[in-house]
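Working notes, structure below.
The values are calculated or read from the model by the stated rules, or taken from the named source; none is laboratory data. In this text the structure is predicted, and so the values were computed from the model without any measurement. Ideal geometry is used to build each Cβ from the backbone, glycine not excepted, and the neighbour counts take in all protein chains shown. Just so you know, the surface numbers come from the protein's heavy atoms only, side chains and all, with ligands and any DNA or RNA stripped out. Shrake-Rupley method; radii C 1.70, N 1.55, O 1.52, S 1.80 Å.
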Amino acid sequence: MSGPGASPPTIAACFRAAREQLVGAGIAEPDTDLRLLMAQVLNTAPGQIILHLRDPIGAENIAAFEALVARRAAREPLSHILGKREFFGRMFEISPAVLDSRPETETLIALALQEPFERLLDLGTGSGCIALTLLAERPRAKACAVDLSEQALDVARRNAAPLGVADRVDFARSDWWQAVDGRFDLIVSNPPYISAEDYEGLAPELAFEPKIALTPGGDGLDAYRQIAAGLSAHLTVGGRVLVEFGAGQGDAVAGIFRAKGLTQITLHKDLDARDRVLSARAPAA
Ligand code: GLN
């Protein structure tokens, strides 16, 4: 409480209270979250907050900040509270209709960029973060991006415009290959891969994300079976496929792709040194 004459609360004081609240809610390292939430309230860049820790903060901004912190304490993902998330250096709108793009997926982007490509297909595009990032990085490439969810496609469409790539991407509603036409020299996917069993024990944040984006049910490998089944009809000769998978699924996913005749099957590690992305190639004719 700040009575008359007492100095008004500072941003640092707000942080102290909020930090305690979030740690109490099971978020072990809340500092980045707090900085981003405060930046949203003050409408400033997150990097600036540190310079203003001793500044006083007005009652309205305190209330707004506390409201956001309360949502985070209920384990709503930060990206949903902010409505956006940075991926490979660009901002993407995120909503409860799409998977919150994750840093692991940047591993797939880096691998995709190691070789040239002209025609890209993204299966299960969600927010569009993979297809749109690759288009932004490769100004001559074109992409087709499909998803089963019309609401996800709406988010992806909104993400295309600010990146200046809207004229090079076709979005289509499709159950995997169902509406896909033609051949591509690069096919990418970060499909739902969590098994029914693992889905039960997930972090509380995942309850806010669409189940359809996280798990195909069963053993978690169904999406790979579906994807692998259509590759020979949709990859160009020698074309590449890159798929993300869950930690521990590498051998099973490799087996599924090998059985469909893919060659040069390789597993790649994410920044935590766990196998997370499979690359493979359509055989030469
Ligand atoms: N391609 C999107 C992403 O990587 C969506 C993936 C998904 O919904 N499973 O974030």
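Restricting to the chain, what percent of DSSP beta bridges are antiparallel, rounded to 5? Walk me through the numbers on the way to the answer.
Numbers: 15 of 34 bridges.
So the antiparallel bridges in the chain amount to around 45 percent.
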Quick one: give the max-minus-min coordinate of the C-alpha atoms of region 142-285 along each principal axis, largest first, in Å.
-> 43, 36, 29
Report, largest value first, the span of the C-alpha coordinates of region 46-195 along each principal axis, in whole Å.
-> 59, 30, 29
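Suppose every Lys and Arg Cβ carries +1 and every Asp and Glu Cβ carries -1, with no other charges. What dipole size does the chain come out with about its Cα centre, to the nearest 20 debye?
Numbers: 29 positive and 37 negative charges, 127 e Å.
It comes to approximately 600 debye.
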When the charge dipole of region 181-285 is computed with +1 on Lys and Arg Cβ and -1 on Asp and Glu Cβ about the Cα centre, the Cα farthest towards its positive end, among Val253, Ala207, Pro191, belongs to Val253
Compute, for Tyr199, the solvent-accessible surface of its heavy atoms (probe 1.4 Å) with the complete set of protein chains present, and express it in square angstrom to the nearest 10.
-> 50
Which value, in Å² and to the nearest 10, is the accessible area of Arg258 when all protein chains are kept and the probe is 1.4 Å?
-> 150
Normalized C-alpha radius of gyration of region 1-130, against 2.2 N^0.38 Å?
-> 1.31
Extreme residue, positive dipole direction of the chain, given options Ala166, Pro216, Gly83 (C-beta unit charges) | Ala166
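Give me the percent relative contact order of the chain, please, defined on Cα pairs under 8 angstrom at least 6 residues apart. Don't skip to the answer; put the middle values down first.
Details: 498 pairs, mean separation 38.4, N = 285.
Relative contact order, the chain: 13 percent.
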Amide H to amide H under 5 Å from Leu235: which residues, 5+ apart in sequence or cross-chain, H placed 1.01 Å off N in plane?
-> Phe184
Could you work out how far the C-alpha centroid of region 201-239 sits from that of region 129-143, in angstrom?
-> 21
How much of the accessible area of region 31-135, probe 1.4 Å, is carbon plus sulfur, in whole percent?
-> 51
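Report the charge-dipole magnitude of region 62-206 in Debye, nearest 20, computed about the Cα centre from +1 at each Lys and Arg Cβ and -1 at each Asp and Glu Cβ.
Details: 16 positive and 23 negative charges, 106 e Å.
Dipole size: approximately 500 debye.
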Whichever aspartates and glutamates have a C-alpha closer than 16 Å to that of Lys269, once near sequence neighbours (fewer than 8 apart) are set aside | Glu104, Glu106, Glu244, Asp251
Report, in degrees rounded to the nearest 10, the 0 to 90 angle that the Cα long axis of helix 31-42 makes with the longest principal axis of the chain.
-> 70
Choose one answer from His52, His234, His80: the residue with the largest mean-square fluctuation in a GNM of the chain with alpha-carbon springs under 10 Å.
-> His52
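Using a 1.4 angstrom probe on the protein heavy atoms only, could you order Thr215, Thr263 from most to least accessible area? Write out the running numbers ahead of the final one.
Details: Thr215 15, Thr263 50 Å².
Solvent-accessible surface, decreasing: Thr263, Thr215.
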Using alpha carbons only, how many degrees (0 to 90, rounded to 10) separate the axis of helix 11-24 from the longest principal axis of the chain?
-> 60
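How much space per residue, in cubic angstrom, does the convex hull of the C-alpha atoms of the chain take up? Show your work: numbers first, answer last.
Values: hull volume 37.3 nm³, N = 285.
In the chain, the Cα convex hull volume per residue is 131 Å³.
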When the chain is treated as a GNM, springs tying every alpha-carbon pair under 10 Å, which of Asn61, Asn159, Asn43 comes out with the largest mean-square fluctuation?
-> Asn43
At a Cα cut-off below 22 Å, give the lysines reachable from Lys142, other chains included and same-chain residues fewer than 8 away excluded.
-> none
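Would you please classify the overall shape of region 7-74 from the alpha carbon gyration tensor, given that a ≥ b ≥ c denote the square roots of the eigenvalues, rounded means a/c under 1.5, and beyond that prolate means a/b larger than b/c while oblate covers the rest? Numbers along the way, then the final one.
Working: a/c = 1.59, a/b = 1.41, b/c = 1.13.
Here region 7-74 falls in the prolate category.
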Express in Å², to the nearest 10, the accessible area of Glu106 obtained by rolling a 1.4 Å probe over the protein heavy atoms while all chains stay in place.
-> 60
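Restricting to Cα pairs below 8 Å that are 6+ residues apart, what does the relative contact order work out to for region 136-285? Please round to a whole percent. Before the final figure, lay out each step's value.
On the way: 234 pairs, mean separation 30.0, N = 150.
Taking the mean separation of contacting Cα pairs over the length of region 136-285, I get 20 percent.
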